[in-house]
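The structure appears right after this line, and notes come after that.
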Amino acid sequence: MKARVAVMASGNGSNFQAITEASKTNRLSAEIVGLICNKKSALALERAQALGVPSVVILRSQFLNLEAWNLAMSEQLEKWRADWVVLAGFTGLVGRHLLEKFPNRFINSHPSLLPKFGGKGMYGDHVHRAVVAAKETTSGISVHLLNEHFDEGPVLAQKPVPVLPGDTAETLAERIKTEERKFFPQVLEDLLTGRIKSR
Ligand code: GAR
């Protein structure tokens with residue numbers, strides 16, 4: 001039976017789309033059972049509709065605290081009977097109680113070679129701006145297990161991507177995302193088929 005994978009995203013959703021397309025074309029042995037979004041305006045929601053993936057918006061502002069918000073997400077994940085949860089550009093914090101429901105099955109992709117350029121506030125273009133400002137010659141992608149701290153869980157796989165002379169955050173972001181849209185579904189497939197171990 002195929003693994004049931006739920007995705008959480010906050011913005012553009014191009015990785016969500018790449019993962020869903022990989023599952024539809026059998027490059028990923030998973031069924032994408034739903035998308036949780038914490039932003040009403042996220043393009044990811046339109047992509048979900050076009051791809052025929054159920055989606056829900058669960059806003060942090062509708063809940064008193066992190067635990068209550070996480071509980072609402074957890075209930076949705078249970079409704080979908082998700083086995084794995086994949087963060088694809090999700091900006092919210094996932095707390096301990098929610099993580100504990102999916103031990104070793106909460107996966108995130110981050111657009112740098114962790115532990116470099118990770119941590120609170122380091123997401124999307126913020127990461128690429130910092131990499132360019134630091135005059136790095138290599139950046140990349142890290143797929144890692146999630147823990148309670150932003151970008152600190154154990155790394156499962158990494159792919160270096162060159163930073164070229166004259167790169168801006170935008171050109172670097174595009175080069176990394178082009179690679180990430182292939183790399184992330186591939187690493188997920190390796191995890192689901194046991195080629196990479198998450199524990
Ligand atoms: C991706 O590059 C992902 O690695 C990054 O956000 C981007 C989302 O792009 N995630 C983080 O920075 C997490 N700390 P997308 O919405 O087009 O998939």
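Rule-based calculations on the coordinates, nothing more; no lab input. All values reported here derive from a predicted model rather than from experimental measurement. Reconstructed Cβ throughout: ideal geometry from the backbone, glycine too, with neighbour counts over all protein chains shown.
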Using the beta-carbon distance between residue 79 and residue 100 and R0 = 22 Å, what value does 1/(1 + (r/R0)^6) give for FRET efficiency, to the nearest 0.05? 0.75
Pulled fully out, how much extra length does the chain show between residue 66 and residue 195, if you take 0.36 nm times their separation in residues and subtract their Cα-Cα distance? 43.0 nm
Förster radius 22 Å - calculated FRET efficiency between residue 91 and residue 152 (Cβ-Cβ, nearest 0.05): 0.90
How much of the DSSP beta bridge set in the chain is antiparallel, as a percent to the nearest 5? 40 percent
Greater than 32 Å separation of Cα atoms is the criterion. Which listed pairs, 39/116; 135/197; 2/177; 2/159; 79/116, meet it? 135/197; 79/116
